[in-house]
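Okay, so here's the structure we're looking at.
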Amino acid sequence: MSYIRSKAFDETGYVVLDSYDQAADPAEWRDLEYVDWKSSGDTRFAPLASAFGEMECNGFWNHTPPRTDKDGVWVQANVEKAPILKARAEEPGANIGRCRVIELQPNTYSEALYNLHQDDNNRLNPDGTGWIVRGFFNLSDDPESFLILREDRFDPDTEVRIALAAGTQVIVDTQRFWHAVWQKGPEPRYCLITSWESGPELDAYIDAKHGDPHYATVPLDPGFVDHAQAEVRRRLAERAAILAAKGKAGFGGSRDPEA
Ligand SMILES: [Fe+2]
């Protein structure tokens, strides 16, 4: 047995869909209730679907009974304020797990590289069922900011930078890619993130939206990239030393921040 995966991801592991006319919709995300998550303070989430419909963001595997990232339950207080966002998450007709709006405060390129992580979306996902991938629909207009994808965490040559204008729609195998967002600001970034189960419904949706597995990455000065990469290595080494001093193993910075 193996997981059901979308052919659209075979080549690169991501697809960029047709852009959405975000400006035509009300800014529903401004009315939602956001909850702090973990200790970072940089990131908050407004849950639209959670494990049991509660106003919380925990991974479904951290609940009792633990389960995989499927069969999310709508959070009434938030979906009442965001019927269009709910409809967009439902449009593919694929099973939905976690669905939320993320609020990300401005950061730097090196901070984004430090935050690179792989998601843990398929924990407890039964073999033979659909692989969980994630949709990122940018709501705020951040054309100078990037969704950063890397096949190899420490190899900038594998990096794809997708600009985040309002209405940008990307679906990513986030368990395959190291990913993070560089939000230049000065305002926070808002994005609808939905876990979908791969299968014929999602395939048809990707086809209908002309999912493109290639994106002409936005260039960055190589010296700037090298400098940021060195900074990340320094921070990771520093963190590893602190953990070693406490007698804990760990490399730091790589854990799924949403797990
Ligand atoms: Fe992630």
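The values are calculated or read from the model by the stated rules, or taken from the named source; none is laboratory data. Keep in mind that this is a model prediction, so the values were computed, not measured. Cβ sites come from the backbone with ideal geometry, for glycine too, and all protein chains shown count toward neighbours.
So which residues in the stretch 195-205 are in a loop (DSSP other than H, G, I, E, B) and either surrounded by fewer than 24 Cβ atoms within 10 Å (Cβ to Cβ) or of a type outside the set (S, T, Y) (or both)?
G199, the sole residue that qualifies.
Taking the stated definitions as given, is A46 touching a residue at least 40 places away in the same chain (Cβ under 8 Å) and in contact with a helix residue (DSSP H, G or I) (Cβ under 7 Å, 6 or more places away or on another chain)?
Working: touching a residue at least 40 places away in the same chain (Cβ under 8 Å): yes; in contact with a helix residue (DSSP H, G or I) (Cβ under 7 Å, 6 or more places away or on another chain): yes.
Yes; evaluated as a whole, the condition is true for this residue.
Quick one: F224 ticks every box in (1) touching a residue at least 24 places away in the same chain (Cβ under 8 Å); (2) surrounded by 13 or more Cβ atoms within 10 Å (Cβ to Cβ) except a single one, so which number is it?
Of everything listed in (1) touching a residue at least 24 places away in the same chain (Cβ under 8 Å); (2) surrounded by 13 or more Cβ atoms within 10 Å (Cβ to Cβ), F224 misses just condition (2).
With respect to A163, is the statement that it is more than 16 Å from the ligand (Cβ to nearest atom), surrounded by 14 or more Cβ atoms within 10 Å (Cβ to Cβ) and in contact (Cβ under 8 Å) with a residue 40 or more places away in the chain true? First the steps, then the outcome.
Values: more than 16 Å from the ligand (Cβ to nearest atom): yes; surrounded by 14 or more Cβ atoms within 10 Å (Cβ to Cβ): yes; in contact (Cβ under 8 Å) with a residue 40 or more places away in the chain: yes.
Answer is yes for this residue.
Which members of the stretch 168-202 meet the condition of being out of contact with any strand residue (DSSP E or B) (no Cβ under 7 Å at 6 or more places or on another chain) and of a type outside the set (D, E, K, R)?
Within the stretch 168-202, Q175, G185, P186, P200 qualify.
Please go through the stretch 175-184 and pick out each residue that is part of a loop (DSSP other than H, G, I, E, B) and either more than 13 Å from the ligand (Cβ to nearest atom) or modelled with pLDDT of 95 or more (or both).
If the condition is that a residue be part of a loop (DSSP other than H, G, I, E, B) and either more than 13 Å from the ligand (Cβ to nearest atom) or modelled with pLDDT of 95 or more (or both), then Q183, K184 are the ones that fit.
Enumerate the helices (runs of 4 or more DSSP H) found wholly within the stretch 42-139, keeping only those where 3 or more residues are within 16 Å of the ligand (Cβ to nearest atom) and within 30 Å of S19 (Cβ to Cβ).
Ranges flagged: 109-114.
Only residues that are surrounded by fewer than 20 Cβ atoms within 10 Å (Cβ to Cβ) and not small (G, A, S): list them for the stretch 125-149, please.
P126, D127, T129, D141, P143, E144
For the stretch 141-160, how many residues meet the condition of being closer than 19 Å to V101 by Cα and either in a strand (DSSP E or B) or free of Cβ contacts under 8 Å to residues at least 60 places away in the same chain (or both)? Let's see the steps before the verdict.
Filtering the stretch 141-160 down to residues closer than 19 Å to V101 by Cα leaves 141-143, 145-148.
Remaining after also requiring either in a strand (DSSP E or B) or free of Cβ contacts under 8 Å to residues at least 60 places away in the same chain (or both): 142-143, 145-148.
So the answer is 6.
In this structure, does Y20 turn out to be closer than 25 Å to G167 by Cα and touching a Gly at 6+ places or on another chain (Cβ under 9 Å)?
yes
Taking the options G59, G97, G93, name whichever one is within 18 Å of E197 (Cα to Cα), in contact with a helix residue (DSSP H, G or I) (Cβ under 8 Å, 6 or more places away or on another chain) and buried (at least 19 other Cβ atoms within 10 Å of the Cβ).
Every option except G97 fails the conditions.
Tally time: how many residues in the stretch 222-259 are assigned to a loop (DSSP other than H, G, I, E, B) and either modelled with pLDDT of 90 or more or away from the ligand (no atom under 16 Å from the Cβ) (or both)?
Of the residues in the stretch 222-259, 7 are assigned to a loop (DSSP other than H, G, I, E, B) and either modelled with pLDDT of 90 or more or away from the ligand (no atom under 16 Å from the Cβ) (or both).
Of the conditions (1) within 15 Å of the ligand (Cβ to nearest atom); (2) out of contact with any His (no Cβ under 6 Å at 6 or more places or on another chain); (3) assigned to a strand (DSSP E or B); (4) closer than 30 Å to G223 by Cα, L192 satisfies every one except a single condition; which number is it?
Unmet for L192, out of (1) within 15 Å of the ligand (Cβ to nearest atom); (2) out of contact with any His (no Cβ under 6 Å at 6 or more places or on another chain); (3) assigned to a strand (DSSP E or B); (4) closer than 30 Å to G223 by Cα: (4).
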